[in-house]
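Enquirer: Structure below; questions to follow.
The values are calculated or read from the model by the stated rules, or taken from the named source; none is laboratory data. Just so it is clear, the structure is predicted and the values come from calculations on it, not from any experiment. Note: ideal-geometry Cβ built from the backbone for every residue, glycine included; neighbour counts use all protein chains shown. These accessible areas exclude ligands, DNA and RNA; they are computed on the full protein's heavy atoms, side chains included. Shrake-Rupley method; radii C 1.70, N 1.55, O 1.52, S 1.80 Å.
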Amino acid sequence: MAPAGISTSSSITLHVNGEKYTLPVDNRTTLLDALRERLDLTGTKKGCDQGQCGACTVLVDGRRAVSCLTLAVAAEGREITTIEGVADGDELHPVQQAFVELDGFQCGYCTPGQICSALGVLKEHAEGWPSAATEDVRPEAGPPPLTPEEIRERMSGNLCRCGAYVSIVKAVAQAAETTQSTKEPVA
């Protein structure tokens, strides 16, 4: 029980997929639970609930975030993108299209997190962020080639129990080529 005068709940406004939602939440509510249970956005999946599997990955201000470890109150006022907000109406984003074309999924449970993570990866890469696999990390070297090794390292926080990794890497590579050639915004 909270000490007298200390509130354990808040009314927050979440900006999700271009829409604003105001809702009361317990201060301990995770972003994942707010999205799934309060806003009925069930595309984001609860896997391990410990930040280890990446199934709950969403974009917060364009950066990858595991929503099971992010408090909803900490996401207030920030731009949140879930899998439901990636496509443009009926037109799939190039990352989604690549996952479909190259079978970057099997059971599909991890796919929303994989796609959101891939969007973050492509944005980080375009901005020149190095990874642990990047050989030349000097800023003047620019973005490293997006090799399969780079993609695997950058996507390593997202697990696939079905083992669709080969197709996931190919899908991210194809999406990178598509977004670079069409100047499609990555996220």
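Enquirer: Given the conditions (1) buried (at least 20 other Cβ atoms within 10 Å of the Cβ); (2) touching a strand residue (DSSP E or B) at 6+ places or on another chain (Cβ under 6 Å), report the number of the one that residue 26 does not fulfil.
Expert: With respect to (1) buried (at least 20 other Cβ atoms within 10 Å of the Cβ); (2) touching a strand residue (DSSP E or B) at 6+ places or on another chain (Cβ under 6 Å), residue 26 is out only on (1).
Enquirer: State which residue pairs qualify: first residue without any contact (Cβ under 8 Å) to a residue 24 or more places away in the chain and inside segment 140-164, second residue among the hydrophobic types (A, V, I, L, M, F, W, C) and surrounded by fewer than 18 Cβ atoms within 10 Å (Cβ to Cβ) in any location, beta carbons under 7 Å apart, and separation of 6 or more residues or different chains.
Expert: 143/126; 149/133; 153/132; 153/133
Enquirer: Which of the residues spanning segment 158-187 are open to solvent by less than 40 Å² (accessible area, probe 1.4 Å), under 21 Å from residue 59 (Cα atoms) and at pLDDT 90 or above?
Expert: Residues satisfying the conditions are 158, 160, 168, 169, 171, 172, 173, 175, 176.
Residues checked against (1) hydroxyl-bearing (Ser, Thr, Tyr); (2) modelled with pLDDT under 95; (3) in contact with a Phe, Trp or Tyr (Cβ under 8 Å, 6 or more places away or on another chain):
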position: 92; (1), (2), (3): no, no, no
position: 97; (1), (2), (3): no, no, no
position: 106; (1), (2), (3): no, yes, no
position: 117; (1), (2), (3): yes, no, no
position: 127; (1), (2), (3): no, yes, no
position: 139; (1), (2), (3): no, yes, no
position: 150; (1), (2), (3): no, no, no
position: 156; (1), (2), (3): yes, no, no
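Enquirer: Looking at 124, 101, 149, which is the one that is over 28 Å from residue 16 (Cβ atoms) and among the acidic types (Asp, Glu)?
Expert: Only one candidate passes the filter, namely 149.
Enquirer: I'd like to know if segment 131-142 contains one or more residues that are more than 18 Å from residue 88 (Cα to Cα), open to solvent by less than 20 Å² (accessible area, probe 1.4 Å) and part of a loop (DSSP other than H, G, I, E, B).
Expert: Taking every residue of segment 131-142 in turn, at least one turns out to be more than 18 Å from residue 88 (Cα to Cα), open to solvent by less than 20 Å² (accessible area, probe 1.4 Å) and part of a loop (DSSP other than H, G, I, E, B).
For every residue, the table says whether it meets (1) assigned to a strand (DSSP E or B); (2) within 19 Å of residue 158 (Cα to Cα).
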site: 4; (1), (2): no, no
site: 10; (1), (2): yes, no
site: 24; (1), (2): yes, no
site: 28; (1), (2): no, no
site: 43; (1), (2): no, yes
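Enquirer: Search segment 78-94 for residues being in contact with a His (Cβ under 7 Å, 6 or more places away or on another chain) and open to solvent by 70 Å² or more (accessible area, probe 1.4 Å), and hand back the single one that is nearest to residue 167 (Cα to Cα).
Expert: Residue satisfying both the conditions and the ranking: 79.
Enquirer: Of the residues that sit in segment 95-107 and are open to solvent by 10 Å² or more (accessible area, probe 1.4 Å) and over 15 Å from the mean Cα position of the chain (by Cα), which one is farthest from residue 51 (Cα to Cα)?
Expert: 101
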